[in-house]
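What follows is a set of notes on a single structure, which appears directly below.
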Amino acid sequence: MKRKIVLFMIAAILTVGLILFSQQGMFGQAQPDKLIKPLTTAGYENLTLDPTTHSPVPANATVQPPPVDEAQQLGVSSLLNDLKQKALALNPMNQPGWYLFKSEVISDIDAPNVGVLANGAEIPTHYTQETWMNFDAQGRLMQQVTLMKTMEGQVFQAGVTKNGKTWNSTTGEIHSSIEVNFSDMLVGSHDQVMDISQVSPVVTSHEIVDGQEIIIFSMDETYQQPLKMDVLDEKITQSTARYFFNSNNGLRVKTETISTLVGGGQRTVLTTAYIYSGYLPEPSDEVLAYLDKMVEK
């Protein structure tokens, strides 16, 4: 099972444009009909995606990572815990109500789009996502509206959650929602990096990015044989995941997925920037309209 944790760190490549929570059905978003996935490669004719983890199934698809240095791992854990405590302490849920989480997703790929949704809509290589979440006094999610928009502001996919159900605009389907807490949104990525650091080396570095003091956590995954991805013309030999956290407030500000190509070059195939807007007195009219669109059956 630990191997799956290591493989999970390249899930961003395998399902470019769909973040972790949407894979779990949290936002009520549909999976694209054409997933980003490895094609057949020499020696790995049966390399597919695990439908649950979206990771390559064969355990021997990747090179076994070197043993985790205990001292290094403790340092990474300490740093992550410090950032996690800052994120929770400096960004509290002061009152029940609506909170807004935004992201901007850029895919540097050779394909014209990231995937095709059930209704035929394409997931563009550059889009934004607004996640409006209504929490109760205990920090439990009551309502949520997620809007994936083109850079021109057009919604191409929406998800609505209320009354324990979640609805997707591209399929019209309604399913049971999963339980989400306010803290999950603030520090879920911290826990993800922590899990990876238990089984694979994680390297930290410090940079100043846009005037912010940033701590970067990087981890590599090397393949025994080059993999062919749907969205890249050239095969890849390694994937690198990078998580950027603000040193002052503990929040995640960006993630990157970098592919090392057979020819030796590198491409940052996926960049996601995050903005936490905090509490808002009320949601936008657009959000209220989407809440009304969900008709429970």
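The values are calculated or read from the model by the stated rules, or taken from the named source; none is laboratory data. Because the structure is a prediction, the values reported are computed rather than measured. We place every Cβ from the backbone using ideal geometry, glycine too, and count neighbours over all the protein chains shown. To get the accessible areas, we keep the full protein, side chains included, count just its heavy atoms, and leave off ligands, DNA and RNA. Shrake-Rupley method; radii C 1.70, N 1.55, O 1.52, S 1.80 Å.
Numbers at a glance
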item	result
The listed residue being buried (at least 18 other Cβ atoms within 10 Å of the Cβ), at pLDDT below 95 and under 27 Å from Met194 (Cα atoms), out of Met93, Met133	Met93
Failed item, numbered, when Ser205 is tested on (1) under 26 Å from Thr125 (Cβ atoms); (2) small (Gly, Ala, Ser); (3) surrounded by fewer than 18 Cβ atoms within 10 Å (Cβ to Cβ)	(1)
Test for Thr171: is it modelled with pLDDT under 90 and closer than 24 Å to Glu104 by Cα	yes
Cross-chain or 6+ apart pairs with Cβ under 6 Å, region 174-199 first and of a type in the set (D, E, K, R), then crowded, with 16+ Cβ neighbours inside 10 Å	Asp195/Ile5
Matching residues in region 265-297 - criterion: being among the polar types (S, T, N, Q), part of a strand (DSSP E or B), under 20 Å from Thr131 (Cβ atoms) and open to solvent by 20 Å² or more (accessible area, probe 1.4 Å)	Thr271, Ser277
From Thr146, Thr171, residue being closer than 23 Å to Pro281 by Cβ and either touching a residue at least 12 places away in the same chain (Cβ under 8 Å) or surrounded by fewer than 21 Cβ atoms within 10 Å (Cβ to Cβ) (or both)	Thr146
Any hit, region 274-289, residues being within 26 Å of Pro201 (Cβ to Cβ), modelled with pLDDT of 95 or more and within 22 Å of the chain's Cα centre (by Cα)	yes
Filtered residues of region 115-127 (kept if over 21 Å from the mean Cα position of the chain (by Cα) and open to solvent by 60 Å² or more (accessible area, probe 1.4 Å))	Asn119
Filter result (open to solvent by 60 Å² or more (accessible area, probe 1.4 Å) and within 24 Å of the chain's Cα centre (by Cα)) within region 65-85	Ser78, Asn81, Asp82, Gln85
Residue count for region 104-114, restricted to those that are in a strand (DSSP E or B) and either in contact with an Asp or Glu (Cβ under 6 Å, 6 or more places away or on another chain) or buried (at least 22 other Cβ atoms within 10 Å of the Cβ) (or both)	2
Condition check for Ile236: without any contact (Cβ under 8 Å) to a residue 40 or more places away in the chain, closer than 24 Å to Pro112 by Cα and within 17 Å of the chain's Cα centre (by Cα)	no
Index of the failed condition, Asp210 passing every other in (1) open to solvent by less than 40 Å² (accessible area, probe 1.4 Å); (2) within 21 Å of Thr268 (Cα to Cα)	(1)
Members of region 174-203 that are out of contact with any helix residue (DSSP H, G or I) (no Cβ under 6 Å at 6 or more places or on another chain), at pLDDT 90 or above and among the acidic types (Asp, Glu)	Asp184, Asp191
Matching residues, region 184-215, being among the aliphatic types (A, V, I, L, M) and either touching a Pro at 6+ places or on another chain (Cβ under 7 Å) or more than 30 Å from Pro112 (Cα to Cα) (or both)	Met185, Leu186, Val187, Val193, Met194, Ile196, Val199, Val202, Val203, Ile208, Ile214, Ile215
Matching residues, region 115-129, being part of a strand (DSSP E or B) and touching a residue at least 40 places away in the same chain (Cβ under 8 Å)	Gly115, Val116, Ile123, Tyr127, Gln129
Matching residues, region 232-264, being part of a loop (DSSP other than H, G, I, E, B), open to solvent by 10 Å² or more (accessible area, probe 1.4 Å) and either of a type outside the set (Ser, Thr, Tyr) or within 15 Å of Val203 (Cα to Cα) (or both)	Asp233, Glu234, Lys235, Asn248, Asn249, Leu251, Val262, Gly263, Gly264
